[in-house]
Amino acid sequence: MADIQKDLLEIMNDYTDGRITSATRENVLTADFGLNSFDLFDLICIIEEKYGISIPDRVLPTLVTVGDLLDYLEKEVNG
């Protein structure tokens, strides 16, 4: 999971022009990082492209924290 965590932080850092330099599993993607729903949609698209996966719309509301996203990616990427 360390690689996915590192990749996710890099994606978030790049997307926010260096504003997000560290994250914990407990960080809330919207409240703690100031991301809005458009930002989250963009990030999800970038993540889907990087890992060659498709995250169903029904899953998106469950991805609230960094940990939620990491757990989902770990399951989908590493099976």
* **Charge-dipole axis of the chain as Lys and Arg at +1 and Asp and Glu at -1 on Cβ define it, positive-most pick from ILE47, VAL66, ILE4** => VAL66
* Asked: Within the chain, which trypsin sites (Lys or Arg not before Pro) sit in a loop by DSSP and count at most 12 neighbouring Cβ atoms inside 10 Å?
  -> ARG19, ARG25, ARG58
* Asked: For region 2-78, what is the charge dipole size about the Cα centre, in debye to the nearest 20, if Lys and Arg each add +1 at the Cβ and Asp and Glu each add -1 at the Cβ?
  -> 120 debye
* Structure fact -> Taking N as the number of residues in the chain, the ratio of its alpha carbon radius of gyration to 2.2 N^0.38 Å works out to 0.98
* **Whole-Hz ³J(HN,Hα) from phi, Karplus 6.51 cos²θ - 1.76 cosθ + 1.60, for region 53-59, glycine and proline x** => 10, 10, 8, x, 4, 5, 8
* Structure fact -> The set of residues whose placed amide H lies less than 5 Å from the amide H of THR65, leaving out same-chain residues fewer than 5 positions away, is LEU29
* Asked: In percent, how large is the relative contact order of region 2-78, given Cα pairs closer than 8 Å and 6 or more residues apart?
  -> 38 percent
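Only the coordinates and a few stated rules stand behind these numbers; no lab work does. Predicted model only: the values in this text are computed from it and were never measured. Note: ideal-geometry Cβ built from the backbone for every residue, glycine included; neighbour counts use all protein chains shown.
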